[in-house]
Amino acid sequence: SQGAVLIEVPCGSEEYDNTDHLHFFSKDSLRRLLDFFFEESEVIDNSYTDPNNVVVGSLYGIGRRPKR
């Protein structure tokens with residue numbers, strides 16, 4: 001079957017105090033989640049390190065072709 005999903009999740013230590021998020025993902029854990037449900041997966045890092053050496057940004061997770 002066809003289908004795709006795009007997920008954006010925050011990353012970086014500044015997010016750990018943000019109570020809006022129930023779970024935090026690393027590149028590996030987001031990939032494992034997508035691999036469980038999709039035939040193909042891709043994780044794109046959209047993070048950067050600010051002048052205070054703090055990681056800010058997000059990860060994009062793409063899943064294609066849902067598993068049956």
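The values are calculated or read from the model by the stated rules, or taken from the named source; none is laboratory data. No experiment lies behind these values; they were computed from the predicted model shown. With ideal geometry, Cβ positions are generated from the backbone for all residues, glycine too; neighbour counts draw on all protein chains shown. In case anyone asks, the SASA skips ligands and DNA or RNA and just uses the protein heavy atoms, side chains included. Shrake-Rupley method; radii C 1.70, N 1.55, O 1.52, S 1.80 Å.
Collect the residues in region 18-48 that are assigned to a helix (DSSP H, G or I) and within 10 Å of the chain's Cα centre (by Cα), keeping them in residue-number order. Listed by number, the residues that qualify are Lys27, Asp28, Ser29, Leu30, Arg31, Leu33, Leu34.
Which residues, taken from region 23-38, are open to solvent by 70 Å² or more (accessible area, probe 1.4 Å) and among the charged types (D, E, K, R)? Give the derivation first.
So the first thing to find is which residues in region 23-38 are open to solvent by 70 Å² or more (accessible area, probe 1.4 Å), and the list is 23-24, 27-28, 31-32, 36-37.
Residues satisfying the conditions are Lys27, Asp28, Arg31, Arg32.
For beta carbons closer than 8 Å, sequence separation of 6+ or different chains, a first residue in region 49-68 that is at pLDDT 95 or above and a second that is open to solvent by less than 40 Å² (accessible area, probe 1.4 Å) and hydroxyl-bearing (Ser, Thr, Tyr), the qualifying pairs are Gly61/Ser41; Ile62/Ser41; Gly63/Ser41; Arg64/Ser41.
Scanning region 25-49 for residues that are within 13 Å of Glu8 (Cα to Cα), of a type in the set (A, V, I, L, M, F, W, C) and in contact with a Lys or Arg (Cβ under 7 Å, 6 or more places away or on another chain) returns a single hit, Val43.
Considering every residue within region 5-13, establish whether at least one is in a strand (DSSP E or B), in contact with a helix residue (DSSP H, G or I) (Cβ under 9 Å, 6 or more places away or on another chain), at pLDDT 85 or above and under 24 Å from Arg68 (Cβ atoms). I'd like the intermediate steps shown before the answer.
Applying the first criterion (in a strand (DSSP E or B)) to region 5-13 yields 5-10.
Checking which are in contact with a helix residue (DSSP H, G or I) (Cβ under 9 Å, 6 or more places away or on another chain) leaves us with 5, 7, 9.
After this cut, where a residue has to be at pLDDT 85 or above as well, the list is 5, 7, 9.
When the remaining residues are screened for being under 24 Å from Arg68 (Cβ atoms), the result is 5, 7.
Scanning region 5-13, I find at least one residue that is in a strand (DSSP E or B), in contact with a helix residue (DSSP H, G or I) (Cβ under 9 Å, 6 or more places away or on another chain), at pLDDT 85 or above and under 24 Å from Arg68 (Cβ atoms), so the answer is yes.
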